1. Which of (1) open to solvent by 50 Å² or more (accessible area, probe 1.4 Å); (2) modelled with pLDDT of 85 or more; (3) within 13 Å of the chain's Cα centre (by Cα) does PRO70 not meet, given it meets every other one?
2. With respect to PRO7, determine if the residue is at pLDDT 85 or above and either farther than 27 Å from PRO70 by Cβ or in contact with a Gly (Cβ under 9 Å, 6 or more places away or on another chain) (or both).
3. Looking only at region 1-24, filter to residues that are β-branched (Val, Ile, Thr) and surrounded by 14 or more Cβ atoms within 10 Å (Cβ to Cβ); which one of those is nearest to SER56 (Cα to Cα)?
4. Among the candidates HIS24, HIS30, single out the residue that is in a loop (DSSP other than H, G, I, E, B) and modelled with pLDDT of 75 or more.
Amino acid sequence: PGDWTCPSCGVNVYSTRHACFRCHTPKPAHASAPSASGVRPGDWTCPSCQVNVYASRDKCFRCSLPKPQPATQSWIPPLGGAG
């Protein structure tokens, strides 16, 4: 309780720290705490083992699966013939 999320780089910072250990951004006056479920904005669920992984991580801490990339939408030609 009391831990906060750095607004600059998104890592979890212990409540006792007055600045982010990664990027040294000062603790904001209204630091954002994790939700009751422990999930923060940007966190992702590992598709392999279903654990919550911090947004700042690029692979799952449990199974080492790389963070999935967002799906890109392909161009789909319109249906129907010409003319």
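The values are calculated or read from the model by the stated rules, or taken from the named source; none is laboratory data. All of these numbers come straight from a predicted model, not from anything done at the bench. Positions of Cβ are generated from backbone atoms using ideal geometry, with glycine treated the same way; all protein chains shown enter the neighbour counts. Surface areas here come from the heavy atoms of the whole protein model, side chains and all, with no ligands, DNA or RNA. Shrake-Rupley method; radii C 1.70, N 1.55, O 1.52, S 1.80 Å.
1. (2)
2. Details: at pLDDT 85 or above: yes; either farther than 27 Å from PRO70 by Cβ or in contact with a Gly (Cβ under 9 Å, 6 or more places away or on another chain) (or both): no.
Judged against the criteria, PRO7 is not a match.
3. For region 1-24, the residue satisfying everything is VAL11.
4. Going through HIS24, HIS30 in turn, the sole match is HIS24.
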